[in-house]
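J.: I'd like to ask you about the structure that follows.
Throughout, read-outs are computed from the coordinates displayed, never taken from laboratory work. Owing to the predicted nature of the structure, the values given are computational and were not obtained by experimental measurement. Reconstructed Cβ throughout: ideal geometry from the backbone, glycine too, with neighbour counts over all protein chains shown.
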């Protein structure tokens, strides 16, 4: 056989050489360049030009390069475009963050070789084109952070078998979620449908997305139960289901089968029931967010198996019991949030042993015992909030041992001992709030002058010693402090002159101490100071005129001291925004400065109990002060205090008004005085007669004009509904005296029935201006007429008189009248409004205001929120009325009335800042709503003789005083309700009400937060008020020093130690 092969060997060698040569030749011959004019290149360029054409705005580079004339450079220089290795087919189009607007053209389907498509972070809108499904090679589709709308029902993504990433986050898509059969179930790895308006339920078929590793449907409007089939997604690593969704039931136990899960976020989605122990099987879990739900029961000990856990948030639920000791195994914890629950027992000692802990928030629970002494010794703590518990013992010394502590809040506890020395050497510290405890001793050296410190609240303790000087710290290193409250302590010594170096200080409260010496003139360097309270000390010397250099000051209280000398009125008059001045109970002398009369912002002043003398000026702001402002000054006189000390002009020292000619001329002088009095009386009588005659003539003239107006038919009507069954004549016919259902500063309200049988309310108000100039009233009414919300009274139409002097607003009729009438028994059936109805009405009214503030563009301010402007329909459902019109409703009542009433609202409901800013914003409405909420809780009107011993308190002051005395919600609850009010609901409602009426507007929540907190009041279980007497339910504190800040965080919040939807009482 070998012999037979040998003759063929030369032939084989020749063939191998030829093949080798051919291979080399082929390898050395380059591929021909793609034809730049090929049809395929032109087709793709045409598709991209069509896509560009659907944009209404695009970057200049895109506009210049994407042209058919430039199609030859498609794969070389067109921005945002990438081609395959051969340079012939577009495989990637990345237009993310290109400031695009407009729509997405269906021409995108012509880019059939596309594998990557991103249009994220633009302003594109419109429907998603169904032609997207033609991109069968597409693997990555990112359309997030746009404004695409419509539904996904016509988009069959199952025709895209290679699709791995589908990101539609943060758009305006609606309708039901797509069934898994419409998705590439086997290939899909990343599915983000969050931040849209999808409704209905999560499809059970989602449990068949076997390859998915990231799944988010958070931030939609989904309902129903979380499908247990999600437990089949064993490849899933991140699951986001919360925020704005409101699921039924609880957390499915099947989620414990997600063995690959690293991040589980079920926050703020209405979940109920207990935390399933099966979650303890998720041993890879890094993040567990369950906050802001209605979860109850205890924390299952099985969670101690989550040894990889770094971020744990179960805050704002109704969890009870003690923190299980098994959690000590969670050595990797960075964040622990358990605030707003009902935990009891001690703060776990193992928290002091965690080496990575950064954020610890356990506030508003029922924890007792001491804080772990080792807390902070091994961990880089950044935020610690254990406030509003029942903690005792000392503040741990190691809190800033690692030099990273920023926020320390321990208020409303029973802590004693000193402020730790280590806090005086903590340069990162920004906020310290340890008020309402039993702290003693002196402040640590350097503490007040820390470079990053912005807030210090140590009031209501037993701290002693002198306020320290700056110890040579440069002023440029202490510019941050804005609030310093050391009131109600036992500090002594003098005020340090270095207090003037806090250039950012806005609030300085040192009342109720034992400070002595003079007020340092350096206080005048506090240019940003808004509130200064040095009352209740032993300060001596004169009031420094340098205070007048604090030109932003609105509140000044120097009362109950030993100050002497004259009031520096000329200097104080330089403060143009000063609203409150109190220098009572001192030893001031001299006269009342006339310059103070020109301080137009001054609405409250107390100069009583001094040694002032002379005549009280009558001009300017003095006309608004009463006798109590000057009481206790026996040498003062004037008409303001005429009842107690009128000026006796014949006996005052100094030049006599009437000449004293001796005893024989006294009768003549007396006779002259009598004649003058008689002449003055006759003059006044004549003026009164003339005024009455003029008034009668004016009234007759006005009546004649009205008759002529109605006779001429000079009314015009604008309707705001598509179909109304009446005209202007029908509306005018309602304006009859026998149809009046209400009168007030806002006008007169009539009840009318239209020809179609529809009941309406007609409000008659005077026009804001004359013909042709209504001060913007018409434009405002047109805006209000377009508003549609379930809890806002609909404005149906407006009729305006021909002479422009009168307007008739036509509203839908509310059969049960106003909340004020029903609550206080006026116009109702005499029955007491039930607690459940009160809480529901409060929530519904809050929803209406929330819509005006947050969902109208621009935002609409109500300006006159009160119980009489919340109307009830036949089903006792609340509707907000008279929104946005307060600035017009009382126009023309005089300058003072217009300034102080028309915009601000009604007496008893007005936010305190209005008095010195004369401006309103959303937080002004929040304050007024807070008064309404307190009105619902207590059953009291906002002002009246029933509040306080002499009726001197308003409702807010009355509630705050009662709760501060330790009475809790039971001390203020309407006694007509009996004892069956759910304790948690009443306490939560009071908590929200007190937050709304905080003095500082920045400390009040938004109406959106108010709605959320009121909805959270319905937390099971809800024991009755009788349980409060046994101490079973932890009571809310006054909340006078607390505030709520809702913090939302995204996927990166874990790294920053944030907390989703966190109600931080801080």
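J.: Rounded, prolate or oblate: pick one for the range 514-615, where a ≥ b ≥ c are the square roots of the eigenvalues of its C-alpha gyration tensor, a/c under 1.5 means rounded, and failing that, prolate if a/b is larger than b/c, else oblate.
T.: Oblate, because a/c is 1.5 or more while a/b does not exceed b/c.
J.: While we're here: Does the range 39-142 classify as rounded, prolate or oblate by the C-alpha gyration tensor (a ≥ b ≥ c root eigenvalues; a/c under 1.5 gives rounded; else a/b over b/c gives prolate, otherwise oblate)?
T.: Here the range 39-142 falls in the oblate category.
J.: Let me ask another. Evaluate E = 1/(1 + (r/R0)^6) for residue 601 and residue 56, where r is the Cβ-Cβ distance and R0 equals 56 Å; express this FRET efficiency to the nearest 0.05.
T.: Using R0 = 56 Å, I get an efficiency of 0.70.
J.: On full extension of the chain, what length is gained from residue 803 through residue 253, given 0.36 nm per residue of separation minus the C-alpha to C-alpha distance?
T.: Extending this stretch completely gives an extra 190.8 nm.
J.: Another question, if that's okay. What ranking do 218-229, 869-880 get when scored by the average of other Cβ atoms within 10 Å per residue, highest first?
T.: 869-880, 218-229
J.: At a Förster distance of 41 Å, what's the computed FRET efficiency of residue 97 paired with residue 736, Cβ-Cβ distance as r, to 0.05?
T.: After rounding, the FRET efficiency stands at 0.05.
J.: Give me the number: length gained by fully extending residue 840 to residue 151, i.e. 0.36 nm times residue separation minus the C-alpha to C-alpha distance, one decimal in nm.
T.: 244.7 nm
J.: Would you please classify the overall shape of the range 932-1000 from the alpha carbon gyration tensor, given that a ≥ b ≥ c denote the square roots of the eigenvalues, rounded means a/c under 1.5, and beyond that prolate means a/b larger than b/c while oblate covers the rest?
T.: Oblate shape, in that a/c is at least 1.5 and b/c is the bigger or equal ratio.
J.: Right, next: Distance from a point 7 Å along Cα→Cβ of residue 753 to each backbone N in the range 807-824: keep the residues under 20 Å and list them by number.
T.: Under cut-off, by backbone N: 810-817.
J.: Relative contact order for the range 223-333: what percent, with Cα pairs under 8 Å and sequence separation of 6 or more?
T.: 21 percent
J.: Between residue 723 and residue 440, what's the calculated FRET efficiency when r is the beta-carbon distance and R0 is 45 Å? Round to 0.05.
T.: Between residue 723 and residue 440 the formula returns 0.05.
J.: What percentages make up the Cα-Cα pair-distance distribution of the range 217-343 when the bins are 10 Å wide from 0?
T.: Pair shares across the bins are 14, 48, 34, 3.
J.: Relative contact order, percent, of the range 305-389 when contacts are C-alpha pairs under 8 Å separated by at least 6 residues?
T.: With pairs under 8 Å counted, the relative contact order is 27 percent.
J.: Order of 784-792, 171-179 by packing, highest average Cβ count within 10 Å first?
T.: Working: 784-792: 16.1, 171-179: 18.1.
Result, highest mean first: 171-179, 784-792.
J.: For the range 804-818 and the range 82-123, compute the distance between their C-alpha centroids and round to whole Å.
T.: 55 Å
J.: Compute the distance in nm between two label points, each set 7 Å from the Cα along the Cα-to-Cβ direction, one at residue 112 and one at residue 274.
T.: Calculated label separation equals 6.0 nm.
J.: Under a point spin-label approximation (7 Å from Cα along Cα-to-Cβ), what is the residue 68-residue 244 distance to one decimal in nm?
T.: Distance between label points: 4.2 nm.
J.: Give me the one-decimal nm value for the distance between modelled label points at residue 480 and residue 615, 7 Å along each residue's Cα-to-Cβ direction.
T.: Calculated label separation equals 5.6 nm.
J.: At 0.36 nm per residue, minus the direct Cα-Cα distance, what do residue 121 and residue 82 gain on full extension? Give it in nm, one decimal, please.
T.: Taking 0.36 nm per residue and subtracting the Cα distance, the gain is 12.1 nm.
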